[in-house]
Amino acid sequence: MSSEQQYIDLYRQCSPMICSHSAAPLNAVRDAAFAQFQRVGFPSKKVERYRYTDIQELFAPDYGLNLNRLDIPVNPYDAFRCDVPNLSTSLYFVVNDAFYSRVQPKSQLPEGIIIGSLRDEAAKNPHFIEQYYHQLAGEDEADGVTQLNTMLAQDGLLVYVPRGVVADRAVQIINILRSDVDLMVNRRVLIVLEEGAEAKLLFCDHTADDRRFLATQVIEAFVGPNAKLDLYCLEETHNKNVRVSNVYIRQQAGSRVNHNVITLHNGTTRNKLNLDLVGSGVECFCSGCAIADKQQHVDNNTVIRHLVPHCTSNELYKYVLDDEAVGAFAGLVYVAKDAQKTVSQMTNQNLCATKQARMFTQPMLEIYADDVKCAHGATVGQLNDAALFYMQQRGIPKREAELLLQSAFINGVIDHIGLEPLRDRLRYLIDKRFRGELSKCEGCRLCK
């Protein structure tokens, strides 16, 4: 049986059950996504954007799915104990792929902001959800993972910030994977920031059980004129976890987006970002870092499309790979014919600590305008021998010197995070990760 066939058979047999536990706006696009999935299937490594990750192999195992929405007992505070000191956040939980409504933050967000179950909000206000749901992801017809997520997703998260409203504190979303059996989850996130709105969102992925998990995630973010979105994604799971995340962002005139994805511990991770700049005066900064060892695999793929004049984009991705880990980065900046005065910089820097570690890097520019400033570059290397020697001459043991240099290297990405307490916390976690302490933890129980 092919990887696709088990999901095709599953949908044919269970589509009434899937729809009965969801809402009309989600169900309205489900059959079309299924038909498209039948046509395209999972992308093979022959597809340019998936050449470094074998998606078909990742989806071949027979995972369980909670299509009947059985209640899975969990105390989110037991599963998540890695609070960020001095970071005042509004804390929400998503258990597997459903919004956890039994725990609500004590602090109140400004009036008009909605953070809650996508399914429940779609049932209460279907016309609003229909304006946005699957509008960006639906344009990516060739991506079988997005189509699979759309045909199976039953709930998710809605973040809505109305016009001119500023969320005065960061919103922290804890995605907890919890199951007694090997499980596949399909998480959906819809973010809508209207004109002049501002929000800082921190998504943290954690595992509460030592099971095999396969998590697909589709995030659609609509950033209105002069709005500002900071979107931080932190993965700290275990080596049995597979994460396939597709993020779609559309920016209107004068908006600002800061997107940062951090992989501290994982099994196999594939992150895809599509970002369209459709209004003049847009700025975006996309960054990411990954620390991987053993047989871990981290693949980041980005496409930023400059479609109008006077926009700026900046990308910075860094990897540190040890043992037999595999890393991949492929980034494309597309500049349309009319997108004059574009400014763009793409940088990918990587360290391979062993000869067995592998890094694939492919920065690309596709430019059709003639009045632009665009640059890109990539490096793959090892730690600086002269710096190591200098530090050893001053009494620092070689292993400690290596850890200090690796931390300093990766902190180049962390320094761009706008939340100071989060920066400090991540520096602490990165130090623990390099010392091998993070992989010894159960889930995220660092603060016990």
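The values are calculated or read from the model by the stated rules, or taken from the named source; none is laboratory data. All values reported here derive from a predicted model rather than from experimental measurement. In this analysis, Cβ positions are derived from the backbone assuming ideal geometry, glycine residues included, and neighbour counts consider all displayed protein chains. Surface areas here come from the heavy atoms of the whole protein model, side chains and all, with no ligands, DNA or RNA. Shrake-Rupley method; radii C 1.70, N 1.55, O 1.52, S 1.80 Å.
Is it true that residue 368 is without any contact (Cβ under 8 Å) to a residue 40 or more places away in the chain, over 30 Å from residue 308 (Cβ atoms) and out of contact with any Gly (no Cβ under 8 Å at 6 or more places or on another chain)?
Details: without any contact (Cβ under 8 Å) to a residue 40 or more places away in the chain: yes; over 30 Å from residue 308 (Cβ atoms): no; out of contact with any Gly (no Cβ under 8 Å at 6 or more places or on another chain): yes.
It is false that residue 368 is without any contact (Cβ under 8 Å) to a residue 40 or more places away in the chain, over 30 Å from residue 308 (Cβ atoms) and out of contact with any Gly (no Cβ under 8 Å at 6 or more places or on another chain).
One line per residue, one yes/no per condition, for (1) under 27 Å from residue 164 (Cα atoms); (2) among the small types (Gly, Ala, Ser); (3) in contact with a Lys or Arg (Cβ under 8 Å, 6 or more places away or on another chain):
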{"residue": "190", "(1), (2), (3)": "yes, no, no"}
{"residue": "194", "(1), (2), (3)": "yes, no, yes"}
{"residue": "203", "(1), (2), (3)": "yes, no, no"}
{"residue": "212", "(1), (2), (3)": "no, no, yes"}
{"residue": "217", "(1), (2), (3)": "no, no, yes"}
{"residue": "240", "(1), (2), (3)": "no, no, yes"}
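Output the residues belonging to segment 123-162 that are assigned to a strand (DSSP E or B) and either acidic (Asp, Glu) or open to solvent by less than 10 Å² (accessible area, probe 1.4 Å) (or both). Quick ask: steps written out before the conclusion?
Taking segment 123-162 and keeping what is assigned to a strand (DSSP E or B), we get 157-161.
Within segment 123-162, 157, 158, 159, 161 qualify.
For segment 192-283, please list each of the strands (runs of 3 or more DSSP E) lying entirely inside it that holds at least 2 residues being within 21 Å of residue 61 (Cα to Cα) and modelled with pLDDT of 95 or more. Lay out the reasoning, then the answer.
On the way: elements: 198-207, 213-223, 228-236, 241-251, 256-265, 268-277.
Where strands (runs of 3 or more DSSP E) fall fully within segment 192-283 and carry at least 2 residues being within 21 Å of residue 61 (Cα to Cα) and modelled with pLDDT of 95 or more, they are 213-223, 241-251, 268-277.
Residue 48 fails exactly one of the following numbered conditions: (1) touching a helix residue (DSSP H, G or I) at 6+ places or on another chain (Cβ under 9 Å); (2) surrounded by fewer than 17 Cβ atoms within 10 Å (Cβ to Cβ). What is the number of that condition?
(1)
Out of all the residues in segment 180-198, which are of a type in the set (Gly, Ala, Ser) and open to solvent by 10 Å² or more (accessible area, probe 1.4 Å)?
Here is the first cut: in segment 180-198, the residues of a type in the set (Gly, Ala, Ser) are 196-197.
Hit for segment 180-198 is 196, nothing else.
Okay, residues lined up against (1) under 24 Å from residue 131 (Cα atoms); (2) out of contact with any strand residue (DSSP E or B) (no Cβ under 9 Å at 6 or more places or on another chain):
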position: 210; (1), (2): no, yes
position: 216; (1), (2): yes, no
position: 219; (1), (2): yes, no
position: 224; (1), (2): yes, no
position: 232; (1), (2): no, no
position: 244; (1), (2): no, no
position: 248; (1), (2): yes, no
position: 253; (1), (2): yes, yes
position: 262; (1), (2): no, no
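Does residue 353 count as farther than 25 Å from residue 247 by Cβ and surrounded by 17 or more Cβ atoms within 10 Å (Cβ to Cβ)? Spell out the reasoning first.
Working: farther than 25 Å from residue 247 by Cβ: yes; surrounded by 17 or more Cβ atoms within 10 Å (Cβ to Cβ): yes.
Answer is yes for this residue.
Can you find a residue that is buried (at least 19 other Cβ atoms within 10 Å of the Cβ), more than 23 Å from residue 96 (Cα to Cα) and under 22 Å from the mean Cα position of the chain (by Cα) anywhere in segment 54-73?
No, segment 54-73 contains no residue that is buried (at least 19 other Cβ atoms within 10 Å of the Cβ), more than 23 Å from residue 96 (Cα to Cα) and under 22 Å from the mean Cα position of the chain (by Cα).
If you take just the strands (runs of 3 or more DSSP E) that sit entirely in segment 312-368, which of them hold at least 2 residues that are touching a Cys at 6+ places or on another chain (Cβ under 8 Å) and of a type outside the set (A, V, I, L, M, F, W, C)? Walk me through how you get there before you give the answer.
Values: elements: 312-321, 326-335, 342-352, 358-367.
Those strands (runs of 3 or more DSSP E) span 312-321, 342-352.
Does segment 99-122 hold any residues that are over 16 Å from residue 172 (Cα atoms) and open to solvent by less than 60 Å² (accessible area, probe 1.4 Å), and which are they?
Passing the criteria: 112, 118, 121, 122.
Residue check: is residue 439 open to solvent by less than 70 Å² (accessible area, probe 1.4 Å), assigned to a helix (DSSP H, G or I), at pLDDT below 80 and polar (S, T, N, Q)? Please lay out each step first, then the result.
On the way: open to solvent by less than 70 Å² (accessible area, probe 1.4 Å): yes; assigned to a helix (DSSP H, G or I): yes; at pLDDT below 80: yes; polar (S, T, N, Q): yes.
Criteria met by residue 439.
Select from segment 74-98 the residues that are among the acidic types (Asp, Glu) and either crowded, with 19+ Cβ neighbours inside 10 Å or not in a helix (DSSP H, G or I) (or both) and write down the one among them that is modelled with the lowest pLDDT.
From segment 74-98, those among the acidic types (Asp, Glu) are 78, 83, 97; that's our starting set.
With the extra rule that they be either crowded, with 19+ Cβ neighbours inside 10 Å or not in a helix (DSSP H, G or I) (or both), the set shrinks to 83, 97.
Values: 83: 57, 97: 91.
Among those residues, the one meeting the criterion is 83.
Considering each residue of segment 383-418, count those that are open to solvent by 20 Å² or more (accessible area, probe 1.4 Å), at pLDDT 80 or above, of a type in the set (A, V, I, L, M) and not in a helix (DSSP H, G or I), and give that number.
Counting residues in segment 383-418 that are open to solvent by 20 Å² or more (accessible area, probe 1.4 Å), at pLDDT 80 or above, of a type in the set (A, V, I, L, M) and not in a helix (DSSP H, G or I) gives 1.
Condition first: out of contact with any Gly (no Cβ under 7 Å at 6 or more places or on another chain), more than 21 Å from residue 251 (Cα to Cα) and open to solvent by less than 40 Å² (accessible area, probe 1.4 Å). Now tell me which residues in segment 272-329 satisfy that.
Correct list: 289, 291, 293, 297, 299, 320, 325, 326, 327, 328, 329.
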